[in-house]
Amino acid sequence: MSRTAVTAPPAQTGLSGRLPLVMALACAVAVANVYFPQAITPLIAHGFGIGQDAAAVLATVTQFGYAAGIFLLVPLGDRLPRRPLVTLLLAVTALALLVAGLAPAVGPLLAAGAVVGAATVVPQILLPMAAGMAEPERRGAVTGTLQAGLIGGILLARAFGGVLGEHFGWRAPYLVAAALTGLLALVLGLTLPRSAPAVRDRYPTLLADTLRLLRHEPQLRRSVSFQVTVFGAFSAAWTAVALLITGPRYGLGTQAVGLLALIGAASMFLAPAAGRWVDRYGPTASTWGASCSPSPPARSSSPASRAVRPASPGSPPGCS
């Protein structure tokens, strides 16, 4: 495929200070906006006087919006300067969360949820941005730090939504999330370094390149099939768990749903270590090492791993 690359050097290289931690926090807050509604689905059903099945549609609509955003908006990270793009997406997300928190009926809530899902692709832009700016010897560690934020946001979102919704109602998580997301838009607008667009291709060409990669890369197709299966099962399970735990069989509140999600929070602390492992042994050896461990590797929905080039193949110590 042909691409028109921008030959101008980037305005700044390297990640200094605490910027990776700020970017990791942004990943956590952004992705949490997609997942906390799953914990408060029963509260939404009760608040609008609708069935739980109808309320569960909100989680589905948000996830469809998320998928659409990944396909339609993430490629803009190659075409547009990333700092204003990230700031705009976070601002749109904050506004949509505010609309959802003030929604008078289910219809506006579903529409706002779809916008939240579509605009919550900031992690998929920040991850490759950080990987491209980091020094080669620190690339895995930096990516792991942002992945820890991403995983933490996914896992802790239900605790955030469940606890807050239990005590203050289902609107409270939306309003608090809107304030946090708006604050992050301001912070990242001031702290992210300037960067020149990576390519000058037209937007339809960028979308076509995505489909072309999927058609010509068998390993990518296999990875996509795995992630579709895992992601679908993950989302379906957590939506069903929220309805089951708060239903007549157990009679627990949404706070219990959030606390249950904390079981998997330990995996967020493994992502930075996995990144350092990549820096030392390369992605191929790290994947082999994950297969030797008793627990599965962390799931990633980001294309940032493409920025980490494989090192020389071989097995790390401890795997035989």
For segment 29-113, what are Rg and Dmax over the alpha carbons, in angstrom? 14.2, 45
Is the shape of segment 167-247 rounded, prolate or oblate, going by the alpha carbon gyration tensor and its root eigenvalues a ≥ b ≥ c, with a/c under 1.5 for rounded and a/b larger than b/c for prolate? oblate
Could you state the principal axis extents of the C-alpha atoms in segment 85-167, from the largest down, to the nearest angstrom? 51, 28, 14
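Once fully extended, how much extra length lies between Ala111 and His46, figured as 0.36 nm per residue of separation less the alpha-carbon to alpha-carbon distance? Please report the intermediate quantities before stating the final value.
Working: separation 65, 0.36 × 65 = 23.40 nm, distance 1.92 nm.
The Ala111-His46 span can extend by a further 21.5 nm.
Taking only protein heavy atoms and a 1.4 Å probe, what accessible area per residue, in Å², does segment 138-241 have with all protein chains in place?
Working: 5210 Å² over 104 residues.
Per-residue value: 50 Å².
What does the C-alpha gyration tensor say about the overall shape of segment 166-213? Classify as rounded when a/c is under 1.5, otherwise prolate if a/b is larger than b/c, or oblate.
Values: a/c = 5.33, a/b = 1.88, b/c = 2.84.
It is oblate, given that a/c is not under 1.5 and a/b is not larger than b/c.
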How far apart, in nm, are the 7 Å Cα→Cβ label points at Leu72 and Val199? 2.0
With label points built 7 Å along Cα→Cβ from the Cα atoms of Leu88 and Leu102, find their separation and express it in nm. 2.4
Accessible surface, 1.4 Å probe, highest first, among residues Phe36, Phe231, Phe71, Phe168: Phe168, Phe71, Phe231, Phe36
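If the chain between Arg222 and Ala237 were fully stretched, how many nm would it gain, using 0.36 nm times the residue separation less the Cα-Cα distance? Before the final figure, lay out the partial values.
Numbers: separation 15, 0.36 × 15 = 5.40 nm, distance 2.27 nm.
So the chain would gain 3.1 nm between Arg222 and Ala237.
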Placing one equal point scatterer on each C-alpha of segment 96-251 and summing with Debye, one gets log10 I(q)/I(0) at q = 0.09, 0.19 Å⁻¹ equal to -0.44, -1.51
Quickly work out the Ala54-to-Tyr250 label distance, labels modelled 7 Å from Cα along the C-beta direction, and quote it in nm with one decimal. 2.5
Would you please put 236-244, 47-55 in order of how densely packed they are, using the mean number of other Cβ atoms within 10 angstrom per residue and starting with the highest? 236-244, 47-55
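The values are calculated or read from the model by the stated rules, or taken from the named source; none is laboratory data. Here the structure is a predicted model, which means the values were calculated and not measured. Neighbour counts run over all protein chains shown; Cβ positions are idealised from the backbone, glycine included. Ligands, DNA and RNA are stripped out before the accessible areas are found, and what is left, the full protein with its side chains, is counted by its heavy atoms. Shrake-Rupley method; radii C 1.70, N 1.55, O 1.52, S 1.80 Å.
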